[in-house]
Structures are given as C-alpha cells and as structure tokens.
Amino acid sequence: MTAISLGMPSVPTKLAERRKSRQIQVGSVAVGGDAPVSVQSMTTTRTSDIGATLQQIAELTASGCQIVRVACPTQDDADALATIARKSQIPVIADIHFQPKYVFAAIEAGCAAVRVNPGNIKQFDDKVKEIAKAAKEHGTPIRIGVNAGSLDRRLLQKYGKATPEALVESALWEASLFEEHDFRDIKISVKHNDPVVMIEAYRQLAEACDYPLHLGVTEAGPAFQGTIKSAVAFGALLSQGIGDTIRVSLSAPPAEEVKVGLQILESLNLKQRGLEIVSCPSCGRAQVDVYKLAEEVTAGLTGMEVPLRVAVMGCVVNGPGEAREADLGVASGNGKGQIFVKGEVIKTVPESKIVETLIEEAMKLAEQMEADGVTSGEPSVSVAG
C-alpha cells in the first residue's frame, strides 16, 4: 500500500518569473533587472528647510525606505538639493513639475535621479535634448512619471480621458524622445487613482518596453483606503512579475507608506521577512483575548530583526497546527497556553504568563540564530484562532 503524505503542501516561493527589464542605478540602489523590488517614499517637508527634510529622511531610512523623493517647486528648494543629496543616507530623487530649469538644477546638485512629469512641464519636449545631454554627463537616471491628473492635453483630446492606452502612449512617446538622443537610463511610471485602470496601464506598458517600472496608485487616499488600493494594485502586478520599485501613496506620515510597502513585498515573498506577526481575527471559539495577546507580543518583539516565525493562537481548533508550523508559538485555551518551539511542546503556562514566556523564548531563539549566523529565512509571528 502506497503511503500518502498528509503534511503541509509545498508552496511556490514566488508566483511568477520577474519581467525582464534593463537595470538602472539610482545612487546606491539598483532598479530593474534582477535587483530586488525597492521601496520608496516622499518627504512632506518643504525641501528648502534642509534640517527638517534631512530629519524626515533619517526617519524614513530607519523605517526601511530605500529611495526618497523630494519636491522642488521653487528656487529655494532647488538650492537646497545639493546639501540634501550629499547628507542623505539613501538616494534622493528630485521631483520636478512645471519648471524645466529645476531639472538641470537637480542634475547639477548630484541627485541620484530626477522625476519629470512631462504633462505639466512647459515645453518639455523641446528640452529633452538638453536634459538627455546633462543627465548622461552626470550619470543621472530620469524617471518619466505620467499621471492621470496631468496628462498631456493632446492625449486627453484623443482618448477622451486618462485611459490605460493614453497613459502608456504618453510614457512611450516621452521615452522615444530621449531614445532619439541615445539616452535610455530611464524608468517609467503610469499612475492612476483607479487600481483597475492603473493595473491595465502597467500591463500594457510592460509588454511594450523593457524599461524598469515604478509602481504607484496616485492619490490613493487616507491610510486605510490607500493601503487597500495599493495592496490590490501592487499585488496584481507584482504577482505577475511586473514592477521594479514601488511607492505607496497615503494621506498619512511617510513612514506609514514605507511600512505598507515593505509588508506588501514580504507578503509576496519579494522581500526577505524579518519578524512577521500573523494573527487570527478572533472568533467565538477563542478562549483568550487574542487582540490583547497579539498587541503585547508585537510590542515585546518590536525591533527584532532575525527571521523568526512566532504563532500566537487563540483556540484549540487551528492553534496547535499553526503553532507547530512556526519557529515559536502558543496554542491557547482554558486559561493556559501550550508553548511550541520548532514544532515541539516545551511547556504549558498560565494565560498570564503567555506573553512573558513567548518573549523569553523568542530572545533565546534570536540569540541562537545570530550565533549561527542566520540572517535570512521566512520569519513570522502568527496570532490565529
């Protein structure tokens, strides 16, 4: 009689092969090709306030941001770029609208890249030759950023509105102008506030060119709505191998954008997981306060960087199985919790001692992993029921 395995099914480490794109270098960060998908954000300070801008960049860097964009609407902002680019811990991209002269100022200032919005820069097409020459001389990549809200009037007249086809045509037209001057150090974005339109635009763009793509849902909205929109749109594209760098646009502090972006990448196994907390939504079966357990365990393990999977389970239905699959876990019920380490029950503790015990065991595992030189893996903290 043939034995049938009833173990956990194997799961693919990635959902699709990465789209093959050319690679560009944004400061110290490679974008496209086989480089990992990077996470960006944008400062909310006035760029001319150098101290405040550098402080926010430091906060973003600490949160895991890899590339930061700064606005440059005035001459004072342009004058501040050189200092900010030099002192920032991560590559700085200058965000240019309306005035083409600031494109040249940003290149001269040593910014890692320049984002241009052709739809609202006066006579932009006439300046491409000069921009391409300056960018090539300084080794500065250009991001062509097409937005639904600032699409070229000619394309709005042609398509009636900002359709996927209109966004893609705009981006490819601008790229072709740079190509005429033998400049291809380009990445492209085609943002829209409707995830469905945005997804289709990027799919078409991915088929039509080999430039690296920057993903974004523009004006995504407040934190909750924007997180949902971005997760849906990015998930649809990244799961098909489309996308080389991302920015989650939220009406929230920039560090929140980074947190969401990193979590999206971790969820798709596109970023090495550090500490991941997976928790159940609670239900009528739960015999402990799952919400409180989850919050306290998360707070106690904040800052841990080793790839650790910790499962905090709220009932006896899914609890033992989930806890056994994690590096560390608890299955709770009847006022006590079974503590699992590497799939084995090591002790049973009262409910009042669950959090304390999990944190102690997590610290032991972290120390052992660091001693063994384990700095990558598939970590997570799970709280389920």
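Screening LEU270, LEU308, LEU265 for residues that are closer than 30 Å to SER41 by Cβ, at pLDDT below 85 and in contact with a helix residue (DSSP H, G or I) (Cβ under 9 Å, 6 or more places away or on another chain) leaves exactly one candidate, LEU308.
Among the residues here, GLU165 does not qualify as under 25 Å from VAL68 (Cα atoms) and in contact with a helix residue (DSSP H, G or I) (Cβ under 7 Å, 6 or more places away or on another chain).
Sort out which residues of the range 340-359 are of a type in the set (S, T, N, Q) and surrounded by 13 or more Cβ atoms within 10 Å (Cβ to Cβ), and write them in order of number. Across the range 340-359, the qualifying residues are THR348, THR357.
How about the range 32-113: which helices (runs of 4 or more DSSP H) wholly inside it have at least 1 residues that are closer than 25 Å to LYS259 by Cα?
Working: elements: 50-63, 75-87, 101-109.
Hits in the range 32-113: 50-63, 75-87.
Residues in the range 230-242 that are part of a helix (DSSP H, G or I) and either in contact with a helix residue (DSSP H, G or I) (Cβ under 7 Å, 6 or more places away or on another chain) or more than 19 Å from ASP210 (Cα to Cα) (or both): SER230, ALA231, VAL232, ALA233, PHE234, GLY235, ALA236, LEU237.
The values are calculated or read from the model by the stated rules, or taken from the named source; none is laboratory data. Everything quoted here is computed from the prediction, not taken from an experiment. All Cβ positions, glycine included, derive from the backbone under ideal geometry; neighbour counts span all protein chains shown.
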